[in-house]
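The values are calculated or read from the model by the stated rules, or taken from the named source; none is laboratory data. The structure presented is a predicted model; accordingly, all values stated were derived computationally and were not measured. Neighbour counts run over all protein chains shown; Cβ positions are idealised from the backbone, glycine included. Note: accessible area is taken over every heavy atom of the protein model, side chains too, but ligands, DNA and RNA are not part of it. Shrake-Rupley method; radii C 1.70, N 1.55, O 1.52, S 1.80 Å.
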Amino acid sequence: MKNLAQSNYSSAVETVRNLKAKYGNTWHAINPESAARMVTQNRFKTGLDIAKYTAAIMRKDMAEYDADASSYTQSLGCWHGFVAQQNMIAVKKHHKTTNKKYLYLSGWMVAALRSEFGPLPDQSMHEKTVVPDLIKEIYDFLRQADAIELNDLFRRLENGEDVQDQIDNFETHIVPIIADIDAGFGNEEATYLLTKKMIEAGACAIQIENQVSDAKQCGHQDGKVTVPHEDFIAKLNAIRYAFLELGVDDGIIVARTDSEGASLTQKLPVSNEPGDLASQYLAFVEAEEIDIKDAKEDDVLLKRDGKLVRPVRLPNGLYQFKECSNIDRVVLDCVTSLQNGADLLWIETPTPNVKQIAHMVNRIKKAVPNAKLVYNNSPSFNWTLNFRNQAYDEMLSEGENMTAYDRNNLMNAEYDASELCYRADQKIKTFQRDSAREAGIFHHLITLPTYHTTALHMNDLTEGYFGEEGMLAYVRGVQRQEIRKGVACVKHQRMAGSNLGDDHKTFFAGDNALKADGNKNTSNQFEVETDSSTALTNQVEVEEKLSVVA
């Protein structure tokens, strides 16, 4: 039966025919063409199939980026399989290909939206099993998207349409997932075990950060505590061993450093010789010179440059790094990770500033010339304010008269149509392109986009639906938009697999199948062809009239 793993339709037909011949009349009801159609619609049989396939995609994309920095990749964070499915359906619809488009699985959104404990902050308190469960869920929905679209194509083929080329050259919705394992959820063995589950679910890229597992904080919050390099390298090794054990030989490890915003360490590593990694890490720890007679009972002391020093230790036992050592620590973290098995870097930054990112990356590239970043285009940044500040400084340096702007109030809506706003928005528009070219960013992602879009859309719908607009708020703001913009989900029965299920029931039960699709199916109301540009123009005119009436 393993020959059925062949995705080629004609090969699958031949395989089933041979099986029918082998098993005789007991298989009389099995139609080779129907079986082959189902095989074709389910190209990936396991999560490991997906992980191997998507790892190869990422490796190819990384090589293409090395040759041409304009070939960067992108993703949006998804907290549910349906969100990921609609994301990829929209990508194929608007951009005609999923090439260079990935998905991101955010630990922040898993904590906030998927934990059985309820909504949680991004502090690794959620159940670790929910992470591989979400990866599997996402790929289940993406495989369903494949099956639904191919099923529609096969239906059209049966009705006499010439769509064979679309079937033969069908592009799957399956794309790489960069999956957040936080700080590894424990020691290196715990990291290895969870990584295996994530790979088995389909993940080809694991992102891990250098914070202490049991004190992990969101990268955009205070209180971050980092671990010595030796501890982090052990976890990088654990992830690589998991990939190798499961046969995903080219799996990708994304090593994230939080050192830019971290000022604390929990542990002082043991240095075996001057200048080793532990010694370099210890050199960043804030310490005060001390005479041995002034040492307190149970003090921790270090010898530094021939002198006795006492590391600055907080009441909670954590040690403090020297001020202004953060960038040097970032560079050492990144170089060390790349030299010890990591494939890509992630640097958490306080603002999205191309020059600041490039400053760090260029230092890293002196040691590792092909260093590449995954970068968080985070909603934690106030993008408007950050880039208006950058534009303000740029205009000021060019000698522009800036007296029309209040530097302390650049978010003011009165500036939305100003030259300052135009310049800032242009910088935001080209940020990904510019930083890919100048700062080594291979992959751009937004961690929490659908967290915010859900909140925004519910705000807008709720305002109208429970107000004067009533049902018009839904119709005008949601359903009519779906129809005008050709959003496939307007026919939600089809999207949930109703048509696909009808065809399967026909395969299984023939004429006895009880099907949902028929004259009384209200989804038929959406079978209306309209010129979208004309429809949108008409809609605007109607809405203008309604607003005047209101």
(request) Residue by residue through the range 411-435, note down the ones that are closer than 30 Å to Phe82 by Cα and either touching a strand residue (DSSP E or B) at 6+ places or on another chain (Cβ under 6 Å) or not basic (Lys, Arg) (or both). (result) Ile428, Thr430, Phe431, Gln432
(message) I'd like to check something: does the range 30-46 contain any residue that is surrounded by 15 or more Cβ atoms within 10 Å (Cβ to Cβ), without any contact (Cβ under 8 Å) to a residue 24 or more places away in the chain, over 16 Å from the mean Cα position of the chain (by Cα) and closer than 19 Å to Leu445 by Cβ?
(response) no
(message) Take the conditions open to solvent by 10 Å² or more (accessible area, probe 1.4 Å), at pLDDT 95 or above and assigned to a loop (DSSP other than H, G, I, E, B) and apply them to Asp249. Does it pass?
(response) yes
(request) Tell me which residues, restricted to the range 112-138, are within 15 Å of the chain's Cα centre (by Cα) and either in a loop (DSSP other than H, G, I, E, B) or within 22 Å of Tyr192 (Cβ to Cβ) (or both). (result) Val131, Pro132, Leu134, Ile135, Lys136
(message) Based on this model, can you work out whether Ile233 counts as in a helix (DSSP H, G or I), at pLDDT below 95 and surrounded by fewer than 23 Cβ atoms within 10 Å (Cβ to Cβ)?
(response) no
(request) Scan (1) open to solvent by less than 30 Å² (accessible area, probe 1.4 Å); (2) more than 24 Å from the chain's Cα centre (by Cα) for the single condition Ile327 breaks and write down its number. (result) (1)
(message) Residue under question is Ile50, and the condition is that it be part of a helix (DSSP H, G or I), aliphatic (A, V, I, L, M) and open to solvent by 10 Å² or more (accessible area, probe 1.4 Å); does it hold?
(response) no
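Residue-by-condition table, conditions (1) without any contact (Cβ under 8 Å) to a residue 12 or more places away in the chain; (2) over 20 Å from Val374 (Cβ atoms); (3) touching a strand residue (DSSP E or B) at 6+ places or on another chain (Cβ under 7 Å):
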site	(1), (2), (3)
Leu445	no, no, yes
Pro449	no, no, yes
Met458	yes, yes, no
Gly467	yes, yes, no
Tyr474	no, yes, no
Gly477	no, yes, no
Lys491	no, yes, no
Leu500	no, yes, no
(request) May I ask you to list the residues in the range 263-299 that are out of contact with any Phe, Trp or Tyr (no Cβ under 9 Å at 6 or more places or on another chain), crowded, with 16+ Cβ neighbours inside 10 Å and not small (Gly, Ala, Ser)? (result) Leu277, Gln280, Tyr281, Leu282, Ile290
(message) So, in the range 263-309, exactly how many residues are farther than 19 Å from Arg329 by Cβ and part of a strand (DSSP E or B)?
(response) 5
